[in-house]
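The next block holds one structure in the form of structure tokens; read it before the comments.
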Amino acid sequence: MLNGTHILLGVTGSIAAYKAADLVSRFKKLGAEVKVIMTRSATELIAPLTFQSLSQNPVYTDMFETPHSWETEHISLAKWADVLLVAPATANILAKLACGIADDMLSTVALATRAPILVAPAMNTAMLEHAAVQENIKTLQSRGVLFIEPEEGRLACGDTGRGKLAAAEDITDAVLYTAACPKDLAGLSVLVTAGATMEPLDPVRFLTNHSSGRMGIEIARMAKMRGASVTLVAGMVNVRIPTGMNVIRVESARDMHMACMEHFRQADIVIKAAAVADYRPTAYAENKIKKAGDMNISLEQNPDILAEMGEKKKEGQLLIGFCMETEQLEENAEIKLQKKNLDMIVANHLLAENAGFQADNNTVTILSRTGTKEALPNMPKWMVAGEILNRAFHMKQLDKKRD
């Protein structure tokens, strides 16, 4: 996703400086070219050689060291960068950037570059909340600097509060959003469901399925990075949910039904990727059911969320469903597409190698209301998410032309 992108990473003297090594590795795996600038304080916490080895480029620490080429280095670096990311960012570098101070390599490059600047602060909670730091953040935001919000948790000083460096996944997503993703979904509202529902039998047990939630979460993540306003209704998931979207956590199919119908009317695109239980126990036992030989469980049907959405779908609204079968997949997907008034359905090849539940990859066939049928090769679920959104965007464009 970052093939050919030039990322300039500024590392400052926060104890979280060691986490920047993981960022370099992630960016390289995504195809980016990475160069690192370290402040003098940062070199006290982690060796420049670490970043040189990971980036396969020289590390810049001193304004006055012998240049690697005839160019003035702080200017050439400023021009080279497609994105300048400062992670971790201390209160000190925020003050320099806000005031236009250029007294080291990083602050000078930041003043000279015309590339987008992203900042991921990391510091003690009291420092972060200090009026001067907050004023500097507001000043930088007013100039277009994108902040990647720190997390809450236990800090290196032993305190607990807000100030931890944002997760590497969120920082990576922010760079992808800035440097790699078209904003073709800007102005659109996207509702996505993900994960498995749980149908309680007693206080200890419940009925569920093997869904990890990864497919739906990747769709929500990619939609967010392409500029959409995203609402994610998530059941039981075992993958991390990205920040920057409206997340509604649910447990049962009835909970998911309620949340979906509350947000359905406002959505331009609805993508139902959750694995919703078709049935629930007829009765819930208030106490744990004791073992006593064979047991019969009476089940009743859950609401069919997708069918209800198909009935209530408004003009111009796109409704996309998923289908997972162990036999006659495409035939069943076609029936579901028509029966539930869908615009598109994604047929999951559950029995394909390296695909389906719990896997990082998926093999799918996409069927549409226009009669098209496209079998995609096995690919990572984030790429499948992109393919689904590409087709959804194309459908929206076609509907606009008809209007």
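Considering only beta bridges that DSSP places wholly inside the range 205-359, some 20 percent are antiparallel. Placing unit charges on the Cβ atoms of the charged side chains and taking the dipole of the chain about its Cα centre, the candidate lying farthest along the positive direction among Gly227, Phe322, Ala89 is Gly227.
Using C-alpha pairs under 8 Å with a sequence gap of at least 6, the mean separation divided by the residue count of the range 314-403 gives a relative contact order of 22 percent. Here the range 172-309 is treated as a Stokes sphere of Kirkwood radius computed over C-alpha pairs; at 20 °C and 1.002 mPa s its diffusion coefficient rounds to 132 µm²/s. From helices alone, the chain scores -10500 deg cm²/dmol at 222 nm; the rule is -39500 (n - 2.57) for each run of n ≥ 4 DSSP H residues, then divide by the residue total. Residues whose amide H lies under 5 Å from that of Val233, counting only those 5 or more places away or on a different chain, are Val192, Thr193, Ala194, Ile248; hydrogens are built 1.01 Å from N in the peptide plane.
Between Leu49 and Glu311, the simple label model (points 7 Å from Cα in the Cβ direction) yields a spacing of 7.0 nm. Of the cross-linked pairs Lys313/Lys400; Lys272/Lys381; Lys224/Lys339; Lys272/Lys373, those separated by over 25 Å at the C-alpha level are Lys224/Lys339. The residues Tyr60, Tyr177, Tyr279, sorted by heavy-atom accessible surface at 1.4 Å with ligands and nucleic acids left out, run Tyr279, Tyr177, Tyr60 from largest to smallest. Heavy-atom accessible area with a 1.4 Å probe sorts Ser189, Ser55, largest first, into Ser189, Ser55.
Ellipsoid semi-axes for the range 122-237, based on the Cα gyration tensor and the rule √(5λ), read 33, 24, 11 Å when sorted largest first.
Working note: Karplus 6.51/-1.76/1.60 with θ = phi - 60° gives the range 340-356 the couplings 9, 6, 8, 8, 7, 9, 9, 8, 7, 7, 4, 8, 5, 5, 6, 7, x Hz, where Gly and Pro are set to x.
The calculated Kirkwood hydrodynamic radius for the range 109-177 is 13.0 Å, given to one decimal from all distinct C-alpha pairs. The orientation-averaged projection of the convex hull spanning the C-alpha atoms of the range 247-403 amounts to 11.9 square nanometres. Sorting Phe393, Phe147 by accessible area puts them as Phe393, Phe147; the probe is 1.4 Å, largest comes first, and only protein heavy atoms count. Put a plus charge on the Cβ of each Lys and Arg, a minus charge on the Cβ of each Asp and Glu, and nothing anywhere else: the dipole of the chain about its Cα centre is then about 500 debye.
Dipole check for the range 126-194: with +1 at the C-beta of Lys and Arg, -1 at the C-beta of Asp and Glu, and the Cα centre as origin, the magnitude is about 180 Debye.
Compared with the direct C-alpha span, the chain from Tyr279 to Glu152 gains 41.9 nm at full extension, assuming 0.36 nm per residue. The magnitude of the dipole of the range 187-285, with charges of +1 and -1 set on the Cβ of Lys/Arg and Asp/Glu and taken from the Cα centre, is near 300 debye. At the residue level, Thr178 shows approximately 50 square angstrom of accessible surface with a 1.4 angstrom probe and all protein chains present.
For the range 257-311, the Kirkwood hydrodynamic radius comes to 14.1 Å, computed from all pairs of different C-alpha atoms. Annotation for Lys373 and Asp294: the two label points, set 7 Å from Cα along the Cα-Cβ direction, are 4.2 nm apart. Cα convex hull, the chain: 190 Å³ per residue, rounded to a whole number.
For Lys35, the aspartates and glutamates whose Cα comes closer than 15 Å to its Cα, not counting residues fewer than 8 places off in the same chain, are Asp22, Asp62, Glu73, Asp82. Full extension of the segment from Gln301 to Arg40, taken as 0.36 nm per residue of separation minus the current Cα-Cα distance, would add 87.5 nm.
Please identify the longest segment of the chain free of exposed GluC sites (Glu not before Pro), where exposed means a DSSP state other than H, G, I, E or B and no more than 15 other Cβ atoms within 10 Å. Result for the longest clean stretch: 72-285. Estimated at the nearest 10 Å², the accessible area of Cys181 is 20 Å² with a 1.4 Å probe.
On a per residue basis, the range 274-403 carries 58 Å² of accessible surface, using protein heavy atoms and a 1.4 Å probe.
The values are calculated or read from the model by the stated rules, or taken from the named source; none is laboratory data. Keep in mind that what you see is a predicted model, and the values were worked out from it rather than measured. Don't worry about glycine lacking a Cβ; one is built from the backbone with ideal geometry, like all the others, and counts go over all protein chains shown. The accessibility values were calculated without ligands, DNA or RNA, using every heavy atom of the protein model including side chains. Shrake-Rupley method; radii C 1.70, N 1.55, O 1.52, S 1.80 Å.
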